[in-house]
């Protein structure tokens, strides 16, 4: 019985000490209004999880300015892009503060709030992976 417990302890310790080799990425989300804090917190959680899934090769800082619900903040159409909804912008910087990437997040026309936030988190995680390589 002691042998079984010892083997079990070694296996648990080995599994616990094995983790994915990802660099720490700090995600900071600011909300434009107090009413938007819930969505901003959800976007932060979804983004952190998406980055954890994809991994990062070096320490980075992601700053997201959440300007409101994906259905409320609009920008005028241009000759190159049709009418669209911009609900956030983000930057990816190194630990020294040098900006490596900057982008607007646009909502798809027929997407719901949660789907839009998930899509945004996936886009950010993809950019973190590419920028950090």
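The numbers here are math on the coordinates, done by the rules we state, and not lab data. Because the structure is a prediction, the values reported are computed rather than measured. Ideal geometry is used to build each Cβ from the backbone, glycine not excepted, and the neighbour counts take in all protein chains shown.
Counting pairwise Cα distances across segment 23-131, what percent come out greater than 18 angstrom?
Counting pairs separated by more than 18 Å, the tail of P(r) holds 46 percent.
For Cα pairs less than 8 Å apart in space and 6+ apart in sequence, what is the mean separation divided by the residue count of segment 23-131, i.e. the relative contact order in percent? Provide the component values of the computation, followed by the final result.
On the way: 209 pairs, mean separation 31.9, N = 109.
Worked out over segment 23-131, it gives 29 percent.
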Protection proxy (average C-beta count within 10 Å per residue), highest first, orders 27-33, 45-51, 104-110, 94-100 as 45-51, 27-33, 104-110, 94-100
With each pseudo-label sitting 7 Å past Cα toward Cβ, what's the residue 86-residue 126 distance in nm, one decimal?
-> 2.0 nm
